[in-house]
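Take a look at the structure below.
The values are calculated or read from the model by the stated rules, or taken from the named source; none is laboratory data. From a predicted model like this one, the values you see are computed outputs, not experimental measurements. Backbone-built Cβ (ideal geometry, glycine too); neighbour counts: all protein chains shown.
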Amino acid sequence: MTSVPEFSFSHMGIYVSDPARMEDFYTRVLGFAVTDRGLLGSTCLTFLSRDPGEHHQIVLASGRPPAAGFNTINQMSFRMAQFAGLREMHRRLQAEGVGELAPVSHGNALSVYFKDPEGNRIELFVDTPWYVEQPVRVPLDMKLSDAELWAWAERDARNRPGFKPIEEWRTTLKARLRQSR
């Protein structure tokens, strides 16, 4: 068996019942900035960060039911060191028969989503050099060659609202974070 490609923890999504109250707490009390917001189906997503190098460190996702015992974790996300590692993990997950395997583009990242044996959602991803307004979730064809896949991802990102180089977006976020402190 080959070694597992390198990756590190990146961010977490949390199901919330009162998105406005949670946004207020994370921004006003903890100093996060809202970096994006929008709907993905019927789920309202609010992306938050305190680090201009990270589009989001926390995602608040509407839809937390009042029932006790509900898992509030929406997903655990891990940044891959290289795209080759993402491809290798996709291959491994397919070979393992892992459920709900879903490669997608977010414009600002290329991701593979899947569920662990107890149904917890995990995201493995690599960043792209672009920013686009979130949320975006477009199926990604992992059968394409690297060159074809990256060319497709760039074409798709360029056609989305807010497209810009990630460094331009980071500069803007740095200024917003300085103003809020």
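Details
- Every listed requirement among (1) farther than 27 Å from residue 144 by Cβ; (2) in a helix (DSSP H, G or I); (3) touching a strand residue (DSSP E or B) at 6+ places or on another chain (Cβ under 9 Å) is met by residue 89 save one, (1).
- Summed over the range 92-102, residues that are surrounded by 14 or more Cβ atoms within 10 Å (Cβ to Cβ), touching a strand residue (DSSP E or B) at 6+ places or on another chain (Cβ under 9 Å) and not small (Gly, Ala, Ser) total 3.
- Hits in the range 15-47 (condition: assigned to a helix (DSSP H, G or I) and of a type in the set (Ser, Thr, Tyr)): 26, 27
- Being in contact with a Gly (Cβ under 8 Å, 6 or more places away or on another chain) and at pLDDT below 95 holds for only one residue in 67, 61, and it is 61.
- Counted residues, the range 112-150 - those being at pLDDT 95 or above, acidic (Asp, Glu) and within 23 Å of residue 59 (Cβ to Cβ): 2
- Output for the range 43-58, where each listed residue is among the hydrophobic types (A, V, I, L, M, F, W, C) and under 17 Å from residue 169 (Cα atoms): 47, 48
- Any hit, the range 14-28, residues being of a type outside the set (Ser, Thr, Tyr), in contact (Cβ under 8 Å) with a residue 40 or more places away in the chain, within 21 Å of residue 131 (Cβ to Cβ) and surrounded by 12 or more Cβ atoms within 10 Å (Cβ to Cβ): no
- Answer residue from the range 122-181, given it is polar (S, T, N, Q) and buried (at least 17 other Cβ atoms within 10 Å of the Cβ) and is farthest from residue 90 (Cα to Cα) among those: 134
- Residue within the range 103-116 that is surrounded by fewer than 20 Cβ atoms within 10 Å (Cβ to Cβ), in a loop (DSSP other than H, G, I, E, B) and either β-branched (Val, Ile, Thr) or over 12 Å from the mean Cα position of the chain (by Cα) (or both) present: yes
- Per-region count, the range 130-151, residues farther than 12 Å from residue 83 by Cβ and under 19 Å from the mean Cα position of the chain (by Cα): 11
- Residue selected from the range 57-86 under the condition assigned to a loop (DSSP other than H, G, I, E, B) and touching a residue at least 60 places away in the same chain (Cβ under 8 Å), by the criterion nearest to residue 177 (Cα to Cα): 81
- Qualifying residue in the range 136-143 (condition: assigned to a strand (DSSP E or B), under 28 Å from residue 44 (Cβ atoms), out of contact with any Lys or Arg (no Cβ under 6 Å at 6 or more places or on another chain) and touching a residue at least 24 places away in the same chain (Cβ under 8 Å)): yes
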